[in-house]
Amino acid sequence: MAQEKVYPVYLIAGFLDSGKTTFINGILSDGFAAEDRTMLLCCEEGEVEYDRKLLRNVTVVTVDDPETLTPEFLEAERKKCQAVQIIVEYNGMWQIQDFYVNSMPSDWVLYQIIATAEGPTFETYTRNMASLMSEKLRSADMICINRCTDELCGALRQKNLRLLNRRADIYLEKESGESEDYMDGTVSAFDLDQPIIRISDEDYGLWYVEIMDNPQMYAGKTVVYRAIMCKPPQYGRYFTPGRFAMVCCAEDMTFLALACIGYDVSKIPERAWVEVTAEVSVEHWDPYEGDGPVLHVKSVIPCQKPAEEVVQM
């Protein structure tokens, strides 16, 4: 049976003058539409224009009324230009959910949502248009905050946007054109001010990467998480409960585990699901080949396995 053709959609959302058009010009100049016919759906026109030299393989369709965005209209426009992929410059005052729930044809697939924001007006929009701003930031797979000074970068990290969206890649674009990764080792995806940091099953992979990359952030913190018991005999008094994770396919399966110590787990069966409560310390452990997170365990309790046993990375 032939596989159904699908058309990837890349949706760029943000308020007026947040850098949406500049972002689109950037990806087009990098060759995004060099080989594939592309439909560029423009729902908001700002001061910056599309670079005409980059539109050789791109058809621009302009819409200024959300009522126009029906599946029938969009599919007809796609067929006209024979596009195999779609970029959407979405109007900042429209709800994103309306587009991917009600407007997209059934064979259009939302591949990525990119949210753009302007650094100098970020606080104002967050305060005065909280609902619209929050929806864009929470929905995004990537967040780009433009025109940032060093002071703004520091202020945005203090707000800790990772608590709003743990999965998005966040970048701070400087006025000079340089880009900084929001995750510079000073910002956590979790609320570290809580007396007990509970790691949800779906966040285990994100937490594992963060604590391995920046264990000092967790020093002295108490964490609770669910994992599979593992007691490698070569590790002596250390045990290593963890989760299996899959990056892209079953062949890429790996076991993500942390060093645990200080609790008698002799009566807990290997591969049993357990809830671990522990205080994090940063210590040398030979398998780490240096310093890393060592969990001083306060309790290990048998528990039900999660609905999704394998972590998706």
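The values are calculated or read from the model by the stated rules, or taken from the named source; none is laboratory data. Predicted model, so just to flag it, every value in this text is computed and none were measured. Please note: Cβ atoms are built from the backbone with ideal geometry, for glycine as well, and neighbour counts cover all protein chains shown. Accessible surface is based on the protein model in full, side chains and every heavy atom, while ligands, DNA and RNA are left aside. Shrake-Rupley method; radii C 1.70, N 1.55, O 1.52, S 1.80 Å.
Suppose the filter is open to solvent by 50 Å² or more (accessible area, probe 1.4 Å), touching a Phe, Trp or Tyr at 6+ places or on another chain (Cβ under 8 Å) and more than 19 Å from Ala140 (Cα to Cα); does Val6 pass it? Taking the combined requirement at face value, the residue satisfies it. Would you mention how many residues in region 176-186 are more than 21 Å from Leu256 (Cβ to Cβ), surrounded by 16 or more Cβ atoms within 10 Å (Cβ to Cβ) and not charged (D, E, K, R)? Within region 176-186, residues that are more than 21 Å from Leu256 (Cβ to Cβ), surrounded by 16 or more Cβ atoms within 10 Å (Cβ to Cβ) and not charged (D, E, K, R) number 1. Evaluating Gly31 against the criteria (1) under 21 Å from Leu69 (Cβ atoms); (2) under 25 Å from the mean Cα position of the chain (by Cα) leaves one unmet condition, (1).
For region 120-127, the count of residues that are more than 18 Å from Val9 (Cα to Cα), within 14 Å of the chain's Cα centre (by Cα) and hydroxyl-bearing (Ser, Thr, Tyr) is zero.
Can you name every residue in region 203-216 that is open to solvent by less than 10 Å² (accessible area, probe 1.4 Å) and of a type in the set (A, V, I, L, M)? Within region 203-216, Ile211 is the sole residue that qualifies. Scanning region 227-243 for residues that are among the charged types (D, E, K, R) and either under 22 Å from the mean Cα position of the chain (by Cα) or crowded, with 20+ Cβ neighbours inside 10 Å (or both) gives a single hit, Arg243.
Can you list the strands (runs of 3 or more DSSP E) lying wholly within region 167-241 that have 1 or more residues being in contact (Cβ under 8 Å) with a residue 12 or more places away in the chain and closer than 26 Å to Ser18 by Cα?
Numbers: elements: 169-174, 179-181, 196-198, 222-228.
Result: 169-174, 179-181.
Residues of region 29-44 being in contact with a helix residue (DSSP H, G or I) (Cβ under 8 Å, 6 or more places away or on another chain), open to solvent by 60 Å² or more (accessible area, probe 1.4 Å) and either closer than 24 Å to Met93 by Cβ or free of Cβ contacts under 8 Å to residues at least 40 places away in the same chain (or both), which ones? Once the filter is applied, which keeps residues that are in contact with a helix residue (DSSP H, G or I) (Cβ under 8 Å, 6 or more places away or on another chain), open to solvent by 60 Å² or more (accessible area, probe 1.4 Å) and either closer than 24 Å to Met93 by Cβ or free of Cβ contacts under 8 Å to residues at least 40 places away in the same chain (or both), region 29-44 yields only Ser29. Inspect all residues belonging to region 258-271 and state whether any of them is under 26 Å from Arg167 (Cα atoms) and surrounded by fewer than 17 Cβ atoms within 10 Å (Cβ to Cβ). Looking for residues that are under 26 Å from Arg167 (Cα atoms) and surrounded by fewer than 17 Cβ atoms within 10 Å (Cβ to Cβ), one finds none in region 258-271, hence no.
Of the set (1) at pLDDT 95 or above; (2) surrounded by 15 or more Cβ atoms within 10 Å (Cβ to Cβ), all apply to Ser200 but (2). Screening Ala76 on (1) out of contact with any Lys or Arg (no Cβ under 7 Å at 6 or more places or on another chain); (2) under 19 Å from Gln112 (Cα atoms) shows it passes everything except condition (2).
Out of Val300, Val310, one residue alone is modelled with pLDDT under 95, touching a Phe, Trp or Tyr at 6+ places or on another chain (Cβ under 6 Å) and on the phi < 0 side of the Ramachandran plot. It is Val310.
The residues of region 283-306 that are touching a residue at least 60 places away in the same chain (Cβ under 8 Å) and crowded, with 16+ Cβ neighbours inside 10 Å, listed by number, are Gly292, Pro293, Leu295, Val300, Pro306. For Glu173, are the conditions met, namely being open to solvent by 10 Å² or more (accessible area, probe 1.4 Å), touching an Asp or Glu at 6+ places or on another chain (Cβ under 9 Å), under 23 Å from Val224 (Cα atoms) and modelled with pLDDT of 90 or more? Answer is no for this residue. Checking each residue in region 17-28 for being closer than 24 Å to Met93 by Cα and in contact with a helix residue (DSSP H, G or I) (Cβ under 7 Å, 6 or more places away or on another chain) picks out only Asn25.
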